[in-house]
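Engineer: Just dropping this structure here.
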Protein chains: 2
Amino acid sequence: MTPASPAIDAESVTALLERGRTLATPVLRAAVERLAPPMDTVAAYHFGWIDAQGRPAEGDGGKAVRPALALLSAEAAGGLPEVGIPGAVAVELVHNFSLLHDDLMDGDEQRRHRDTVWKVHGPAQAILVGDALFALANDILLELGTADAARATRRLTTATRKLIDGQAQDISYEHRERVSVHECLEMEGNKTGALLACAVSIGAVLAGADDATADTLERYGHHLGLAFQAVDDLLGIWGDPEATGKRPWSDLRQRKKSLPVVAALSGQNPAADKLAHILAEDASKSEDEIADFTEEEFASRAALIEEAGGREWTAEEARRQHTTAVAALDEIDMPAEVRAQLVALADFVVVRER
Amino acid sequence: MTPASPAIDAESVTALLERGRTLATPVLRAAVERLAPPMDTVAAYHFGWIDAQGRPAEGDGGKAVRPALALLSAEAAGGLPEVGIPGAVAVELVHNFSLLHDDLMDGDEQRRHRDTVWKVHGPAQAILVGDALFALANDILLELGTADAARATRRLTTATRKLIDGQAQDISYEHRERVSVHECLEMEGNKTGALLACAVSIGAVLAGADDATADTLERYGHHLGLAFQAVDDLLGIWGDPEATGKRPWSDLRQRKKSLPVVAALSGQNPAADKLAHILAEDASKSEDEIADFTEEEFASRAALIEEAGGREWTAEEARRQHTTAVAALDEIDMPAEVRAQLVALADFVVVRER
């Protein structure tokens, strides 16, 4: 179960992500400019286009995997990549709506190397601008006025509902002593898989693909999302803060029951028992006490998770989901080049370091 | 400019509101039951169907003006009232999404005689369940799968965007010393007029009405919304707490720049000057200091607003908006009985005490 890392055409992935950014960002910016002040400014800050003082910034807008997928999605159905642009923008808007609200709900102070919106502009603006981005996402699609746009909106709505379900599960798991690997995967499927799946179907739907094709594309996207999240969970513990933009041990600081942790706890070995004991003690501590942990205290927890098998299991899980994702592509008749690019993106997702 | 109060067929209005509740509530409840736990429970608490301990409650679900309007809307376009049900439910879901978020943003602790959701279930649940209701609203319409449903969703999205704009204006006005009557009306048109307008068009659109008819119905709804809000602003200062379910002087406690206040401040009279002076002093006080005001301190501010003309101007504005609303109905060819019922609802809105 430890296949060699897939061979990746790094240049091709870079070009794909760049194309997604180049085509989607101007439309995204124009959409955000339609927001009433001060929401336009707050959103521009969130996207990294301006700094907290309102000065233009060369922000880190994220990896932009979703826009790249939405354009490829249109091509997978035989359309021009441009057909996918409204879908790419709508998905990005929903993704960022959820980031704005989740950062507030979770009390996260940093995202993409910068203070989060609620830290800079206050909780009310984080709620309000999140709402506005969500509404704007529907607007962008529905103003196309076609039956396919309505179908795309329906899929986006379904994905958004799952996203919200996933966040509800995430919050409720925080207060529970034990979370099973199955529950964790279900939550991550909702929180990450659903919108990635939608990104992979939305362009195709806008290009007129039938529901069966869209469903199969979503299957690829769902498993890609689970691979993506497994890697994210690894980076949340062992990632390089310089690369991820998060604080060191960020998921451990938040006592997040992420995949490596729940997988470690499900192990039948002394390290798992020791980890369970320590985490049970941590659970009764205050947030301030956890924040005061030394580097060594976090490092020893991370070492136990690894010793109990959580790190390896999660890395394997990422590869398993990758394999399942790529297999789904064989069920659809699409241009060979598009298929190769979807495979390259899947490869990228599992080896990325940020 | 002080026409006699319109004659109202109270029985007919009660029957209309009751019909809206009877037809829409079961569908609304079934929709809310589709939410993943614990969001279904939190939403049920918000709607007043259960109490904070989860026991069934005979809640006050609000006046239910919007569902009644959505059903009449279908009839105005020659459809059966039942055709408007998904529209009624979608509008109620959006309305309650905004209440959940606004109560949290505004720090309001009471609604409909009960603690607000964020007070009982915490801010995260208020954000999350609000998001879920918004997504559900789109779902309810789009799952109909018709072109008219997509048009209805588009109108609902436009209304929701205005709703959010209105809340943004409301928040920004709180930090400003002066707000003009024009700005206040614009804000209230967004915050209250837009969704009421949508309620009055959505049933017609689902029944196949053309855009021109829907637009005219929205004009009636927009002015009805402004009349509604003017009355709400009066009740927010002079309303009977027993009837409104809000604390006495509720809008004064929040230093809300509502219509009576901004109209009073726009007056050229000694009372207006005195009021401006006092409110400027209040603006520099802390929330706790305002909360400690005596009954007499609030009463004297209310008396000054009235003396400066704010109360009478707002009451007249409600009647003006009522007149404009009813006039719009003449532009549409609809069954006489439906027209009479829309007029009766408009009459009800301006004389209600809760």
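The values are calculated or read from the model by the stated rules, or taken from the named source; none is laboratory data. Predicted model only: the values in this text are computed from it and were never measured. Virtual Cβ from ideal backbone geometry, glycine too; neighbours counted across all protein chains shown. Accessible surface is based on the protein model in full, side chains and every heavy atom, while ligands, DNA and RNA are left aside. Shrake-Rupley method; radii C 1.70, N 1.55, O 1.52, S 1.80 Å.
Engineer: Which of the residues spanning the range B:303-325 are over 26 Å from B:HIS222 (Cα atoms), of a type in the set (Gly, Ala, Ser) and surrounded by 15 or more Cβ atoms within 10 Å (Cβ to Cβ)?
Structural biologist: Result: B:ALA308, single match.
Engineer: Restricting to the range A:6-24, name every residue that is open to solvent by 20 Å² or more (accessible area, probe 1.4 Å) and either among the hydroxyl-bearing types (Ser, Thr, Tyr) or closer than 19 Å to A:ARG66 by Cα (or both). Working first, answer last.
Structural biologist: First pass over the range A:6-24, keeping only residues open to solvent by 20 Å² or more (accessible area, probe 1.4 Å): A:6-12, A:14-15, A:18-19, A:21-23.
Residues satisfying the conditions are A:ILE8, A:ASP9, A:ALA10, A:GLU11, A:SER12, A:THR14, A:ALA15, A:GLU18, A:ARG19, A:ARG21, A:THR22, A:LEU23.
Engineer: Kindly provide the set of residues from the range B:133-149 that are within 7 Å of chain A (Cβ to nearest Cβ), crowded, with 24+ Cβ neighbours inside 10 Å and more than 22 Å from A:ASP102 (Cα to Cα), ordered by number.
Structural biologist: B:LEU142 - this is the single residue of the range B:133-149 that is within 7 Å of chain A (Cβ to nearest Cβ), crowded, with 24+ Cβ neighbours inside 10 Å and more than 22 Å from A:ASP102 (Cα to Cα).
Engineer: Given the options A:LYS285, A:LYS256, name the one that is buried (at least 18 other Cβ atoms within 10 Å of the Cβ) and in a loop (DSSP other than H, G, I, E, B). Let's see the steps before the verdict.
Structural biologist: Working: A:LYS285 fails: buried (at least 18 other Cβ atoms within 10 Å of the Cβ).
Result: A:LYS256 is the single residue among A:LYS285, A:LYS256 that is buried (at least 18 other Cβ atoms within 10 Å of the Cβ) and in a loop (DSSP other than H, G, I, E, B).
Engineer: Does the range B:298-306 contain at least one residue that is hydroxyl-bearing (Ser, Thr, Tyr) and at pLDDT 95 or above?
Structural biologist: yes
Engineer: Another one. Taking B:MET187 as meeting all but one of (1) farther than 20 Å from B:ALA90 by Cβ; (2) open to solvent by 20 Å² or more (accessible area, probe 1.4 Å); (3) assigned to a helix (DSSP H, G or I), write down the number of the exception.
Structural biologist: In the conditions (1) farther than 20 Å from B:ALA90 by Cβ; (2) open to solvent by 20 Å² or more (accessible area, probe 1.4 Å); (3) assigned to a helix (DSSP H, G or I), B:MET187 misses (2) alone.
Engineer: Given the condition in a helix (DSSP H, G or I) and either within 14 Å of chain A (Cβ to nearest Cβ) or without any contact (Cβ under 8 Å) to a residue 40 or more places away in the chain (or both), answer yes or no: does some residue in the range B:52-70 qualify?
Structural biologist: No, because not a single residue in the range B:52-70 is in a helix (DSSP H, G or I) and either within 14 Å of chain A (Cβ to nearest Cβ) or without any contact (Cβ under 8 Å) to a residue 40 or more places away in the chain (or both).
Engineer: Okay, moving on. In the range B:101-132, how many are crowded, with 19+ Cβ neighbours inside 10 Å and within 10 Å of another protein chain (Cβ to nearest Cβ)?
Structural biologist: 13
Engineer: Return yes when B:ILE202 is open to solvent by less than 30 Å² (accessible area, probe 1.4 Å) and either modelled with pLDDT under 95 or not in a helix (DSSP H, G or I) (or both) and no when it is not. So that I can check it myself, show each step before the final result.
Structural biologist: Values: open to solvent by less than 30 Å² (accessible area, probe 1.4 Å): yes; either modelled with pLDDT under 95 or not in a helix (DSSP H, G or I) (or both): no.
The answer is no for B:ILE202.
Engineer: For the structure I just gave you, tell me whether B:THR153 is at the interface with another protein chain (Cβ under 10 Å from one of its Cβ atoms), within 18 Å of B:VAL65 (Cβ to Cβ) and either in a helix (DSSP H, G or I) or of a type in the set (A, V, I, L, M) (or both).
Structural biologist: no
Engineer: Being open to solvent by 40 Å² or more (accessible area, probe 1.4 Å) and in contact with a helix residue (DSSP H, G or I) (Cβ under 8 Å, 6 or more places away or on another chain), is that true of even one residue in the range A:292-302?
Structural biologist: Scanning the range A:292-302 turns up no residue that is open to solvent by 40 Å² or more (accessible area, probe 1.4 Å) and in contact with a helix residue (DSSP H, G or I) (Cβ under 8 Å, 6 or more places away or on another chain).
Engineer: Condition test on A:ASP233, is it more than 10 Å from chain B (Cβ to nearest Cβ) and open to solvent by 20 Å² or more (accessible area, probe 1.4 Å)?
Structural biologist: Details: more than 10 Å from chain B (Cβ to nearest Cβ): yes; open to solvent by 20 Å² or more (accessible area, probe 1.4 Å): no.
Judged against the criteria, A:ASP233 is not a match.
Engineer: Ok, one more. Search the range B:57-107 for residues being modelled with pLDDT of 95 or more and touching a strand residue (DSSP E or B) at 6+ places or on another chain (Cβ under 8 Å), and hand back the single one that is nearest to B:ASP139 (Cα to Cα).
Structural biologist: My answer is B:LEU99.
Engineer: If you scan the range A:159-186, which residues turn out to be of a type in the set (Val, Ile, Thr) and within 7 Å of chain B (Cβ to nearest Cβ)?
Structural biologist: Of everything in the range A:159-186, those that are of a type in the set (Val, Ile, Thr) and within 7 Å of chain B (Cβ to nearest Cβ) turn out to be A:THR160, A:ILE164, A:ILE171.
Engineer: Here is a follow-up. Filter the range B:25-50 for residues that are in contact (Cβ under 8 Å) with a residue 60 or more places away in the chain and more than 14 Å from chain A (Cβ to nearest Cβ); which is surrounded by the most Cβ atoms within 10 Å (Cβ to Cβ)?
Structural biologist: Only one residue fits best here, namely B:HIS46.
Engineer: Does A:THR116 count as under 16 Å from the mean Cα position of the chain (by Cα) and β-branched (Val, Ile, Thr)?
Structural biologist: no
Engineer: Evaluate the range A:72-94: report whether one residue or more is within 14 Å of chain B (Cβ to nearest Cβ), in contact with a helix residue (DSSP H, G or I) (Cβ under 9 Å, 6 or more places away or on another chain) and over 16 Å from A:LEU23 (Cβ atoms).
Structural biologist: yes
Engineer: Looking at the range B:71-83, which of its residues are assigned to a loop (DSSP other than H, G, I, E, B) and surrounded by 22 or more Cβ atoms within 10 Å (Cβ to Cβ)? Explain how you work it out, then say what you get.
Structural biologist: Looking only at the range B:71-83, we keep the residues that are assigned to a loop (DSSP other than H, G, I, E, B), and these are B:77-80.
Once the filter is applied, which keeps residues that are assigned to a loop (DSSP other than H, G, I, E, B) and surrounded by 22 or more Cβ atoms within 10 Å (Cβ to Cβ), the range B:71-83 yields only B:ALA77.
Engineer: I would also like to ask the following. Which of the numbered conditions does B:ALA194 fail, given that it passes all the others? Conditions: (1) out of contact with any Asp or Glu (no Cβ under 6 Å at 6 or more places or on another chain); (2) among the aliphatic types (A, V, I, L, M); (3) farther than 18 Å from B:ASN96 by Cα.
Structural biologist: (3)
Engineer: On the basis of being hydrophobic (A, V, I, L, M, F, W, C), open to solvent by 50 Å² or more (accessible area, probe 1.4 Å) and in a helix (DSSP H, G or I), does B:ALA212 make the cut? Reasoning before the result, please.
Structural biologist: Working: hydrophobic (A, V, I, L, M, F, W, C): yes; open to solvent by 50 Å² or more (accessible area, probe 1.4 Å): yes; in a helix (DSSP H, G or I): yes.
The answer is yes for B:ALA212.
This table checks each residue for (1) free of Cβ contacts under 8 Å to residues at least 40 places away in the same chain; (2) not hydrophobic (A, V, I, L, M, F, W, C).
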position	(1), (2)
A:ALA243	no, no
A:ARG247	no, yes
A:ALA263	no, no
A:SER266	no, yes
A:ALA271	yes, no
A:HIS277	yes, yes
A:GLU289	yes, yes
